[in-house]
Every structure is written in structure tokens, then in C-alpha cells.
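The values are calculated or read from the model by the stated rules, or taken from the named source; none is laboratory data. For clarity, every value in this text was computed on a predicted model and none was experimentally measured. Note: ideal-geometry Cβ built from the backbone for every residue, glycine included; neighbour counts use all protein chains shown. Calculation scope for accessible area: heavy atoms of the full protein, side chains included, ligands and nucleic acids excluded. Shrake-Rupley method; radii C 1.70, N 1.55, O 1.52, S 1.80 Å.
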Amino acid sequence: MRNAQDPNCLFCKIVKGEIPSKIVYEDEKCVAFHDIDPQAPTHFLVIPKVHIGSCGEIDGSNSLVVSRCFEVISKVTREMGVTDFRVVSNCGAQAGQSVPHLHFHVLAGRDMTWPPG
Ligand code: AMP
Ligand code: ZN
């Protein structure tokens, strides 16, 4: 199955609890956890539990979980009282992706610059 979990994937291991993480939200489809190397006072990641490599692998067969991720982003930021934030998903090495499991960075708590580096 194309979107099965990848036993060698770091974030699949976090989903399975094989690697500890500071989870801020979890449901049957998604997990949100604090980034281990925060780039802002608030920095957490939202991921689908299924293994999708990046934004470049989203299609009609798996896009429902992507909208769920954005519902989670909205819910978690609201519950944190965070109103101003940035959502980033790096796709591919040149864009800065280091973990090949789809994830959305949520960054907040400091001024952001544009364009991003
Ligand atoms: P990217 O470089 O866009 O692929 O983002 C991957 C993110 O995962 C980076 O911001 C890392 O700091 C973060 N990261 C890597 N390993 C862990 C981990 N074990 N727990 C939480 N975040 C992690
Ligand atoms: Zn994975």
C-alpha cells in the first residue's frame, strides 16, 4: 500500500511511540508535537499518521488527511491562544526538507521575515 507506514521513517517511529516526543495533540489521523530544535518560541509540527513523503505526494487518494492537519493547526493554535503564526512545509532537499514524512511546521511568538531564506 502506497501510504503505509515506513519502518525506517523517523516520524513514523514517533507515530508508533518508538521515539519519544512532546505530543501536543493526537487523534486517529494526525499527531502534533513540539519540534526538537525550535526556531521560534512556539514551534510544533503537525503530521499525518500515514506515511506521505512530502507535499509532492499529495493526491486525491490521501488529501483528506491534509485538510485534517490544517484543522489540527487551527484547533491547537486557538487552544494555545496563538493568533499570529506561520505554517511551513519544506518539500525536497533544496527547500530544506530533512525528514521525508509530510509535516507542517507551525511557528509563532516572534516577528517573521519575508521572503523566507
Ligand atoms: P524539515 O527540515 O522541514 O524536514 O523539518 C524537520 C523538522 O523535524 C526539523 O525542524 C527538526 O528539528 C525536527 N525533528 C527532527 N527530529 C525530531 C524529533 N525526534 N522530534 C521532534 N522534532 C524533530
Ligand atoms: Zn513516515
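All of (1) among the small types (G, A, S); (2) touching a helix residue (DSSP H, G or I) at 6+ places or on another chain (Cβ under 7 Å); (3) open to solvent by 30 Å² or more (accessible area, probe 1.4 Å) hold for A32 with one exception: (3).
Residues in the stretch 37-52 that are more than 8 Å from ligand 1 (Cβ to nearest atom) and in a strand (DSSP E or B) were compared, and the one that is surrounded by the most Cβ atoms within 10 Å (Cβ to Cβ) is F44. The residue pairs whose first member lies in the stretch 12-33 and is within 13 Å of ligand 2 (Cβ to nearest atom), whose second member is in a loop (DSSP other than H, G, I, E, B), and whose beta carbons are closer than 6 Å, counting only pairs six or more residues apart or on different chains, are C12/Q5; C12/D6; C12/H51; K13/I19; I14/S21; V15/K49. Scan the stretch 29-46 and tell me whether some residue there is in contact with an Asp or Glu (Cβ under 8 Å, 6 or more places away or on another chain), of a type in the set (A, V, I, L, M, F, W, C) and closer than 19 Å to R110 by Cα. Yes: the stretch 29-46 contains one or more residues that are in contact with an Asp or Glu (Cβ under 8 Å, 6 or more places away or on another chain), of a type in the set (A, V, I, L, M, F, W, C) and closer than 19 Å to R110 by Cα. So which residues in the stretch 93-117 are within 16 Å of ligand 2 (Cβ to nearest atom) and either assigned to a loop (DSSP other than H, G, I, E, B) or of a type in the set (D, E) (or both)? Within the stretch 93-117, Q97, S98, V99, P100, H101, L102, H103 qualify.
Within the option set G96, G92, G60, G81, being in contact (Cβ under 8 Å) with a residue 12 or more places away in the chain and either open to solvent by less than 50 Å² (accessible area, probe 1.4 Å) or away from ligand 1 (no atom under 13 Å from the Cβ) (or both) holds for one residue only, G92. Among the residues of the stretch 1-36, those identified as part of a loop (DSSP other than H, G, I, E, B) and within 14 Å of H103 (Cα to Cα) are C9, K29, D35, I36.
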